[in-house]
Every structure is written in structure tokens, then in C-alpha cells.
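Written below as C-alpha cells is the structure these notes are about.
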Amino acid sequence: MLLNPFILLNGNAKSAIEFYTSTLGLECSFINTYGNSPLQVPETQKSWILHSELSKDGHPFLMIADIDKTQSGNKIALSLNFTDLNRMRELFEKLSDDGKILMPIEEQFWHAHYGELIDKFGIHWMFNCQKSPS
């Protein structure tokens with residue numbers, strides 16, 4: 001299991017990626033937009049960042065994405081990345097106790113199982129488990 005900070009922005013993720021890569025000496029090792037996904041979004045949001053990964057010396061350091069968030073609040077989530085789906089489900093259940101499930105764990109188009117919750121302390125958690133290549 002790996003833990004990564006995930007910054008959630010409202011339409012300015014590209015600027016944040018440029019800022020953090022230049023100021024922290026990071027490399028953008030992965031980037032995908034909403035327009036390159038099967039998700040239905042308004043035309044104005046197709047260039048928004050669905051997922052990006054910034055790395056340092058080949059190791060994941062920070063993730064950044066755009067979300068349509070009209071209200072202010074926490075802009076950081078913690079992303080847990082698993083190789084064991086059963087372990088992910090177990091921890092998801094434990095962390096959701098007295099919290100709020102935003103998205104149950106389900107199979108996703110990026111060949112992973114994914115879910116989100118806010119725990120009883122108000123912390124936003126993202127759970128991801130890549131499927132093994134067949």
C-alpha cells in the first residue's frame with residue numbers, strides 16, 4: 001500500500017502542475033484529461049486534468065486533478081494505492097465507519113477498482129487498486 005497526497009482544484013490543475021514541477025523540481029510522469037476519458041463533462045471541462053502524477057527521481061510524489069467543486073473547503077485528499085483488492089476493501093470499510101462514502105469501490109475504466117470516502121474526522125480518502133494484467 002502506498003500513500004500519495006492528491007491536490008483537488010477547480011479548473012487550474014495545469015497551472016498547479018507547471019508551478020510545482022518548476023518550483024519543486026518535479027517531473028510530470030502522467031497526465032490525463034477529462035476529454036480523453038469516457039466521462040460526460042461540459043465542453044468547458046474537457047481540457048481539465050482528470051489525473052496527473054508528479055514524480056521525483058522516478059518515485060510518485062504528488063497527484064493533482066481538477067474537480068467541479070463549487071464550494072470552498074478541503075482541496076487535499078489522501079490517495080491509498082493497493083495491489084491487494086481484499087485488503088483495500090477491508091481498509092475502506094474500516095475508514096468509512098462513522099464517515100461518508102462518496103463513491104463505493106467499483107471497477108473503473110482505467111483498469112482499476114476505485115472508491116472514495118470522507119472519514120469521521122473529515123479527511124477525504126481515495127482508494128485505488130490496479131487490476132493485474134491478464
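The values are calculated or read from the model by the stated rules, or taken from the named source; none is laboratory data. These numbers come from a predicted model, not from an experiment. In this analysis, Cβ positions are derived from the backbone assuming ideal geometry, glycine residues included, and neighbour counts consider all displayed protein chains. Side chains are part of the model used for accessible areas, which takes the heavy atoms of the whole protein and leaves out ligands, DNA and RNA. Shrake-Rupley method; radii C 1.70, N 1.55, O 1.52, S 1.80 Å.
Here are a few things to note about the model shown:
- Per DSSP, loop chymotrypsin sites (Phe, Trp or Tyr not before Pro) in segment 45-134 with at most 15 further Cβ within 10 Å: PHE109, TRP110, PHE121
- What the Cβ-Cβ distance of ILE67 and ARG89 gives, at R0 = 25 Å and to the nearest 0.05, is a FRET efficiency of 0.55.
- The ellipsoid equivalent to the alpha-carbon distribution of segment 90-134 has semi-axes of 22, 9, 7 angstrom, derived from the gyration tensor eigenvalues as √(5λ) and listed largest first.
- Accessible surface area normalised per residue over segment 1-75 is 62 Å², counting heavy atoms of protein chains with a 1.4 Å rolling probe.
- The length gained by stretching the chain between LEU3 and LYS75 to full extension, at 0.36 nm per residue less their Cα-Cα distance, is 24.3 nm.
- Spatially proximal lysines relative to LYS56 (Cα-Cα < 26 Å; intrachain offsets below 8 disregarded): LYS14, LYS75, LYS131
- Heavy-atom accessible surface of the chain: percent carbon and sulfur, 1.4 Å: 53 percent
- Its Cα gyration tensor gives segment 1-85 an equivalent ellipsoid; the semi-axes, largest first and in whole Å, are 21, 16, 14.
- Residues of segment 1-25 with amide N under 17 Å of the 7 Å Cα→Cβ point at ILE123: 1-8
- Measure of compaction for segment 37-98 (Cα Rg per 2.2 N^0.38 Å): 1.44
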